[in-house]
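The values are calculated or read from the model by the stated rules, or taken from the named source; none is laboratory data. Computed from a prediction, not measured in an experiment: that's the story for all the values here. Here Cβ is always computed from backbone atoms with ideal geometry, including for glycine, and neighbour counts include all displayed protein chains.
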Amino acid sequence: MLNNKRFAPIAAVAALTMALTGCGGSTGGGGGAGSDEGPAAENLDARGPITYVRGKDNSDVVRPLIKKWNEAHPDQKVTFKEQSDTADQQHDDLVQNLQAKNADYDIMEVDVVWTAEFAAKGWLQPLEGDMAIETEDMLDATVETGMYNDVLYTAPQRSDGGLLYYRKDLVPKAPGTWDEMMGMCDIAEENDMGCYAGQFAQYEGLTVNVAEAINTAGGTIIDEEGNPTLETPEAKAGLGNLVEGFESGNIPEQAITFQEEESRQAFQSGNLLFLRNWPYVYNLAKTEASSKVQGKFGVAPLPGKDGPGASSLGGHNLGISVYSDHKATAHDFMEYMISAESQTFRATQGSQAPTLAALYDDPELIKQLPYLPVLKTSIENAVPRPVTPFYPGVSKAIQENSYAALQGEKSVDQALADMQQAIKSAAAGS
Ligand code: GLC
């Protein structure tokens, strides 16, 4: 169940939170846990129409759930505000509207890496008292992503762990290590296709992929005190693997423009032997009429140094805005969206990762989604990205410098040294 690998990163992120917020208090915005006054104390019993804001519903699971809710709650209807499918654009849209105290953003999907920033700004309703939710049956790692300064601010709704999709019709068995995978790239060449891709455009997905490469090589982004730890042989080996992948052509050139969707399309159209992506790809690659890999792909753990690699922990929680006019409705809708029924629906229709532990052991679900045990292991062993209210700056430091290295504009050493410096400044809030 729980294992040691998980505790170190969580201790480290807790330390970084402390280091970055001074005494561990709120960085401003006036909200803070359990506020008895200010917007967090208002509209707690109020019911009425609300808006649910989240990124593009690639898997078409949101509208059916909202339809069902609306049929049962004619006076508390939910309107779906659909954002783009890029994490950074979703983030900026939320920030703008929360800064403007827009009461129309009642309940939102909050990427696991934004909890600290939004909570510290006082934008999220603490999930305490009337707003509390049940988290006992959820995977510990997912609950941790909703916490800031020991208070739960966002409800774990769907998790995410990196998986390796591979063409089982072309390789004898999934590679167990990165080197083994690179060793299979001649098969890609023989079949006139790219060998490996993840997400390497300059956005949040690049942070995910670079963190995975570094963690998988035995390195870390920050230490237990919250200081960046990028100038190490392990971090060098990790980022170096990706740089060499581009240099050798094992990672095709176009992959420098890939976000999740572009990389999924490349795999589905038969142009990639191996793909690192999230679980949502499974159902689409299996069922979309345009998919050329139906029945031809398998799912395996990310390949590591000597065995499985370390995924970055992803996921999307739900947060209620302190500026919402109808918080009782928002809270009920939150409970509906995190229920076993909704999670099962999203798992079966969209192959999205549940947060409820029991669903991973459900024989019926495993029959339909045979990768569930692999996914559970991926999530339980996943490494959180740094937890800090200054996360956007920390992520930017990782993105800009690793992108320059992948493009051959900076040496790996230089990129890591610059990343180290830039994270230090970002972490100091400057
Ligand atoms: C997925 C993950 C999220 C991550 C994003 C990066 O949506 O769930 O945590 O930040 O990908 O693109």
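Yes/no per residue for (1) surrounded by fewer than 21 Cβ atoms within 10 Å (Cβ to Cβ); (2) free of Cβ contacts under 8 Å to residues at least 24 places away in the same chain:
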residue: ASP223; (1), (2): yes, no
residue: ALA235; (1), (2): no, no
residue: GLN259; (1), (2): yes, no
residue: LEU272; (1), (2): no, no
residue: TRP278; (1), (2): no, no
residue: THR287; (1), (2): yes, yes
residue: ASP306; (1), (2): yes, no
residue: SER311; (1), (2): no, no
residue: HIS326; (1), (2): no, no
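When the residues of region 198-212 are narrowed to those that are more than 11 Å from the ligand (Cβ to nearest atom) and assigned to a helix (DSSP H, G or I), which ends up surrounded by the fewest Cβ atoms within 10 Å (Cβ to Cβ)?
Step by step, filter region 198-212, then rank; the result is GLU212.
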- Only residues that are part of a helix (DSSP H, G or I) and over 19 Å from PHE246 (Cβ atoms): list them for region 188-197, please. GLU190
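Given the criterion assigned to a helix (DSSP H, G or I) and touching a Gly at 6+ places or on another chain (Cβ under 8 Å), identify the matching residue among LEU375, LEU359, LEU365. Working first, answer last.
On the way: LEU359 fails: touching a Gly at 6+ places or on another chain (Cβ under 8 Å); LEU365 fails: touching a Gly at 6+ places or on another chain (Cβ under 8 Å).
Every option except LEU375 fails the conditions.
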- Inter-residue pairs, beta-carbon under 8 Å, first closer than 16 Å to GLU247 by Cα and modelled with pLDDT of 95 or more and in region 401-417, second of a type in the set (Gly, Ala, Ser) and assigned to a loop (DSSP other than H, G, I, E, B), 6+ apart: ALA405/SER411
- Output the residue which, of all residues in region 136-174 that are more than 16 Å from the chain's Cα centre (by Cα) and either of a type in the set (Lys, Arg) or modelled with pLDDT under 95 (or both), is farthest from ILE379 (Cα to Cα). PRO172
- Number of positions in region 140-189 that are within 16 Å of the ligand (Cβ to nearest atom) and surrounded by fewer than 23 Cβ atoms within 10 Å (Cβ to Cβ): 3
- Count, please, the residues in region 213-244 that happen to be closer than 15 Å to GLY304 by Cβ, part of a loop (DSSP other than H, G, I, E, B) and among the hydroxyl-bearing types (Ser, Thr, Tyr). 1
- Query: Given the residues VAL243, VAL281, which is the only one that is within 16 Å of the ligand (Cβ to nearest atom) and either modelled with pLDDT of 95 or more or over 22 Å from GLU180 (Cβ atoms) (or both)?
  - Reply: VAL281
- Message: Just the residues that are surrounded by fewer than 19 Cβ atoms within 10 Å (Cβ to Cβ) and part of a loop (DSSP other than H, G, I, E, B), please, taken from region 378-430.
- Response: GLN407, GLY408, GLU409, SER411, ALA428, GLY429, SER430
